[in-house]
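Notes follow the structure.
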Amino acid sequence: MVDSLTTHRSVESAACIAASEPSPVDQEKVPSSVNHLKSLLALLCLIVTAPALAQLDAQTMRRDLVDMETRVHREPMQVLEELEAAASLFDDVDSETQLWYLLRRGQAHNALFMYEEFQQDIERARSARLSGAGPELVLWLNTYAGINEIRSGELRRGIEILADVVEQALNIDAQRLYVFAVQELAFTRGMLEQYNTSLQELQLAYQVALKLEQQDLIAMVNDAYAAVYGYMGDYPRSIEYSMKALESFQKLGYREHVASAIQGLASTFRYSGQWEQAERYFQEYLRSTAYAPGESRLYYGNYGLALTFAEQGDCERAVPAIGLALGYDGPEDYDAELLKELAKCEAAAGNIEAAQVAYEAAASILGAMPELEGTSWMLELDYVRSIIAFQSGKPEQAYEILDVYQRSYIEQMDQRSSNRMNMLRAGLESERKDLEISLLERQAEVNRLQVESHQSANQTQRYLIILVVALCLMVLAGLMFQWRSNRRILALSHRDGLSGLYNRAYTFAYLEDVIPRIAVESGGLSVILIDIDNFKAINDSYGHPVGDSVIREVSNMGASLLRNRDIMGRIGGEEFLCVLPRTTSEQCAQVAERLLAAIANHRFKTAEGEEFSVSISIGIADYDSTLKNADQLYARADRALYQSKASGKGRITAFTPSLAPG
């Protein structure tokens, strides 16, 4: 029976594959999108003719869908055509594969500015049975649901959903999802003028994106930074971050994100009163989105142009542009902005009744959004009302309204300035995950996998029982040793008060602790010894507070370039030691090069704003079996550091036997 089934499956597989491929004569008649689907069509044929293969085929399709994310951003129209042509494939597969299909189709619709279809895909997915889906997939769907809520004007509900996604993503260590959700959440909070929270969240997300080394995530965070700084009125910084995001997205070929960065630049130029630049970039936004059939792109492009014309007082061009934008389906809060500008133009033209109608429509929209209470969006309604009153021949009423507006505006600017100062301080703080907890969690996971492996082996080979017991005893002994070592290390006061890094005692205790494990596991171990060049001269020239600031900045930059399992400690006045477990000589050298370049390229500042540069000298050494303890490994790095100093400073030296004393 087994042989018969195998033969039957082979024959069916061959027939299905042959049926899915066009003949040479018909090859040119087959659309390219269908050619991309021939493997999926073969799977459909197999599912129909051989139900026994359905589970295997679903796994293959699910894997293809998971791997499709980059293509969704680079060629969304082609991906959408492929997915819709293959829709029947997913009628009878498991629920998780169906959800992946809806997620990818929704992302393609989103990239094509087809927001209504995007919303339908996400709602359909979330209304399906999610019990069999993985937690990360469910959270991705929830993220897009939050985006849909925000686009529909339900800002508070959207923020609640995204905040929940962020928390759960951290719980399951879904780091990519975490960064994506944070930047969407920070953008919305920035719009609501919650600048402090927005920038704090973006700072943490940026650190995660850098560690993941995923350029698209870094660019998305930069794009969100640009939006928040634009709302804050810090236009130079907003433009700087938009330019960074635009360059990255152009290199990646992510078309809708390129358009988003261009739109961000255009908006910042509009906020800052650079009308020609704003108009040019909004026109460029419309050109860059011409690939997409969705009308939402036309809304946002014409919205930007309309406000650009209106805010510079060009009502002759603004009024038609406002009418064009309102003809498309866009977010209600954006419609309110258009209506406010329309009310101003109508009032200026003496059309008081039309101005009042536009004002009341804007006030009705914004009044239904309690999240906007106290923001510029609501405050500007008073300004519009004062213009209408003045044009209606009621100057005293106009003055009273305008006086209230001016007082509220000044109060808001003071609050905004205070928020910015808070964030400048927050930007200097670096919160890090506790290394010991991370190491213990990783070790616990390894132990769990080992136990599962031993249990599986015991089911088939009885003689492995003794080996399993021995391994369990070894693991237990290792855990006891680790527990005692951790208690000894934790008993130390292990943080340096000035730099925030580990102190000398903890750093060397950790190095002593890790060497025996590296020897048993045959893993690599490298150390990097760093010394700030001419540090006494810095103290003498600029004062000890500046010297302390240099130590803190060098510490922050150094720690940010290391992995979670690496540690960095301050072991002397201006001397630092980095311990890099499971690291080869080449990898260690690369980390050292990044450290050297980062410090050399950084501009340090005194309290008076005077800039100066700092260099560091580095010595690196690798652990080998000839070494007996941490002191010997440190001595090698110290010899290498001495050679860097003697050779002119500002360089890296790796220990070689020729540097050994005597």
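Here are some notes:
- By average C-beta atoms within 10 angstrom, highest first, the peptides 172-182, 530-540: 172-182, 530-540
- Label-point separation, D314 to Q587 (7 Å along Cα→Cβ), nm: 5.7 nm
- Spin-label model distance (nm) - N196 vs R126, 7 Å beyond Cα toward Cβ: 3.0 nm
- Computed over the range 206-310: relative contact order in percent, which uses C-alpha pairs under 8 Å that are six or more apart: 20 percent
- Each part gets one Cα centre, and for the range 89-114 versus the range 315-347 those centres are 35 Å apart.
- Volume in Å³ per residue [convex hull over Cα atoms, computed for the range 192-328]: 106 Å³
- Here is the P(r) of the range 615-662: all C-alpha pair distances, binned every 5 Å from 0, give 5, 25, 31, 22, 11, 5, 1 in whole percents.
- Computed packing ranks the peptides 351-361, 200-210 as 200-210, 351-361, most packed first, by mean other Cβ atoms within 10 Å.
- Of A349, G323, T375, farthest towards positive along the dipole that unit charges on Lys, Arg, Asp, Glu beta carbons give the range 321-402: A349
- Fully extending the segment from S364 to N171, taken as 0.36 nm per residue of separation minus the present Cα-Cα distance, adds 65.4 nm.
Throughout, read-outs are computed from the coordinates displayed, never taken from laboratory work. None of these values were measured; they are calculated from a predicted model. When we count neighbours, we look across all protein chains shown, and the Cβ atoms used for this are built from the backbone with ideal geometry, even at glycine.
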